[in-house]
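J.: There's a structure below that I have some questions on.
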Amino acid sequence: MPELPEVEITRRGIEPFVLGKTITGVTVRNPNLRRRVQRNFARLIVGRRVDRVSRRGKYLLLECAGGSLIVHLGMSGSLRVIEPGMPPGVHDHVDFVFGGTALRLRDPRRFGAVLWTDQPPEAHRLMRHLGIEPLSRRFDARRLHALTRKHRTSIKQFLMDGRRIVGVGNIYASESLFLAGIHPRTRARRLSLQRCERLVAAIKQTLRAAIRAGGSTLRDFVGGDGARGYYQTRYWVYGRGGKGCRRCAAPVRRIVQGQRATYYCARCQR
Ligand SMILES: [Zn+2]
């Protein structure tokens, strides 16, 4: 499932091809994505120029004068840059044409979304409840400390609540807590400011490392079959239940929190 780093990598991958370009056409082969594509979608977007390619959480935003094109990759979506007219595969549901290039949305599970809004995107109902961006400067130890004060929930579940912090998925939550030396069951409100400082640094470091690793595959956004795998790395604890901790060799533990697997080292994380 595309997580924040993959969406940011996609943003960087497509930006050079669409920034400053005008949408000259759109083809919707299957409008039945998670949200049905707007009936007048083509009329809403054709002729608009993309002034900014941004991201909010896991939403990609192609900002134009008068509104924004919002793209969500869902569970299995990918965007790639193609020559218009390249024969579509069975899961290639939407093409956005920019003169001599096109962006193609492939989405086998059809949990993605494409829509036009004339509101400021942050005010759109899909986005207005989203929490703070973990890579923004505003996300610092004091902010995390303040955000956690009222929450009896575990810090792991807190991190994954997109209404508080957006885009720290299951993998990155486990990895960040390991790096910060914090036990995933620690109650959010009991974290000291000092531990919040370590955790903020760990979250930023984990997400940035993932984006950097994906950056080396940016060329795969052009052409190809779009089958590019998402970023895989050597995780500290994620997916390593029963194996030795990379730091202390104690067996990595696996527990379930909020129906999601959490991995941690009981010796390194307190
Ligand atoms: Zn350990």
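J.: When all protein chains stay in place, what accessible area (Å², nearest 10, 1.4 Å probe) is found for GLU122?
T.: 110
J.: Another question, then. Give me a comma-separated list of calculated 3J(HN,Hα) values for region 126-141, in order, Karplus coefficients 6.51, -1.76, 1.60 applied at θ = phi - 60°, integers in Hz, x for any Gly or Pro.
T.: 6, 10, 6, 9, 6, x, 5, 6, x, 8, 7, 5, 5, 7, 9, 4
J.: Here's something else I'd like to know. So what J values fall out for region 43-50 if you push phi through Karplus, 6.51 cos²θ - 1.76 cosθ + 1.60 with θ = phi - 60°, rounded to Hz, Gly and Pro as x?
T.: Values, residue by residue: 5, 6, 10, 5, x, 8, 9, 7 Hz.
J.: Continuing with the same structure: Determine the calculated [θ] at 222 nm for the chain from helices alone, applying -39500 (n - 2.57) to every DSSP H run no shorter than 4 residues and normalising by the residue count; nearest 500 deg cm²/dmol.
T.: Taking each H run of at least 4 residues, the total per residue is -7500 deg cm²/dmol.
J.: If you don't mind, there's one more thing I want to ask. Size of the dipole of the chain about the Cα centre, Lys and Arg at +1 and Asp and Glu at -1 on the beta carbon, nothing else charged, in debye to 20?
T.: Details: 53 positive and 19 negative charges, 331 e Å.
Dipole of the chain, to the nearest 20 debye: 1600 debye.
J.: For the Cα atoms of the chain, what angle does the longest principal axis make with the long axis of helix 193-215, in degrees from 0 to 90, nearest 10?
T.: For 193-215 against the chain, the angle is about 40 degrees.
J.: How long is the gain from LYS243 to GLN259 if the chain were fully straight, where each residue apart is worth 0.36 nm and the alpha carbon distance is subtracted? Each step should come with its number before you reach the end.
T.: Values: separation 16, 0.36 × 16 = 5.76 nm, distance 2.16 nm.
That pair, LYS243 and GLN259, stretches by 3.6 nm at full extension.
J.: Roll a 1.4 Å probe over the protein heavy atoms and report the accessible area of ARG35 in Å², nearest 10.
T.: My reading of the accessible area for ARG35 is about 70 Å².
J.: Give me the number: length gained by fully extending GLU83 to ASP118, i.e. 0.36 nm times residue separation minus the C-alpha to C-alpha distance, one decimal in nm. Let's see the in-between values first.
T.: Working: separation 35, 0.36 × 35 = 12.60 nm, distance 2.85 nm.
Going from the current span to full extension adds 9.8 nm.
J.: Okay, next question. Treating each Cα of the chain as an identical point scatterer and ignoring solvent, apply the Debye formula and state log10 I(q)/I(0) at q = 0.07, 0.08, 0.13 Å⁻¹.
T.: Evaluating at q = 0.07, 0.08, 0.13 Å⁻¹ gives log10 I(q)/I(0) of -0.28, -0.36, -0.87.
J.: What is the helix-to-structure angle for 4-18, meaning the angle in degrees between its Cα long axis and the longest Cα principal axis of the chain, kept from 0 to 90 and rounded to the nearest 10?
T.: Compared with the principal axis, the helix lies near 30 degrees.
J.: Further question on the same structure: Sort ASP107, ASP118 by accessible area with a 1.4 Å probe, largest first.
T.: Sorted descending by solvent-accessible area, the residues read ASP118, ASP107.
J.: So, in nm, how far is label ARG163 from label ALA42 when the simple model puts each one 7 Å beyond its Cα toward the Cβ?
T.: The answer from the label model is 4.0 nm.
J.: Compute the helix-to-body angle for 170-180: its Cα long axis versus the longest principal axis of the chain, expressed 0 to 90° and rounded to tens.
T.: 40
J.: Using modelled amide H (1.01 Å from N, peptide plane; none on Pro or chain starts), what sits under 5 Å from the amide H of ARG55, excluding residues fewer than 5 places away?
T.: LEU61
J.: Right, next: Heavy atoms only, probe 1.4 angstrom, no DNA, RNA or ligands counted: give me ASP51, ASP161, ASP92 ranked by accessible area, highest first.
T.: Final ranking, largest accessible area leading: ASP51, ASP161, ASP92.
J.: Could you count how many Lys pairs in the chain have their Cα atoms under 21 Å apart, skipping same-chain pairs fewer than 8 positions apart? Don't jump to the answer; show the numbers that get you there.
T.: On the way: LYS58/LYS156; LYS58/LYS204; LYS156/LYS204; LYS156/LYS243.
Total qualifying Lys-Lys pairs in the chain comes to 4.
J.: Ok, one more. Please work out how much length the chain gains when fully extended from THR22 to ALA250, using 0.36 nm per residue of separation minus the C-alpha to C-alpha distance, in nm with one decimal. The partial results should precede the final answer.
T.: Details: separation 228, 0.36 × 228 = 82.08 nm, distance 5.58 nm.
The span from THR22 to ALA250 would gain 76.5 nm if fully extended.
J.: Please compute, over every Cα-Cα pair in region 38-131, the percentage with a separation greater than 24 angstrom.
T.: Summing the P(r) of region 38-131 above 24 Å gives 18 percent of all pairs.
J.: Roll a 1.4 Å probe over the protein heavy atoms and report the accessible area of HIS129 in Å², nearest 10.
T.: That residue has around 120 Å² of solvent-accessible surface.
J.: For a quick check: with amide H placed at 1.01 Å from N, whose amide H comes under 5 Å from CYS64's, ignoring anything fewer than 5 positions away on the same chain?
T.: ASP51, LEU69
The values are calculated or read from the model by the stated rules, or taken from the named source; none is laboratory data. This is a predicted model, so every value here is computed, not measured. Note: ideal-geometry Cβ built from the backbone for every residue, glycine included; neighbour counts use all protein chains shown. For accessibility, only protein heavy atoms count, side chains too; no ligands or nucleic acids. Shrake-Rupley method; radii C 1.70, N 1.55, O 1.52, S 1.80 Å.
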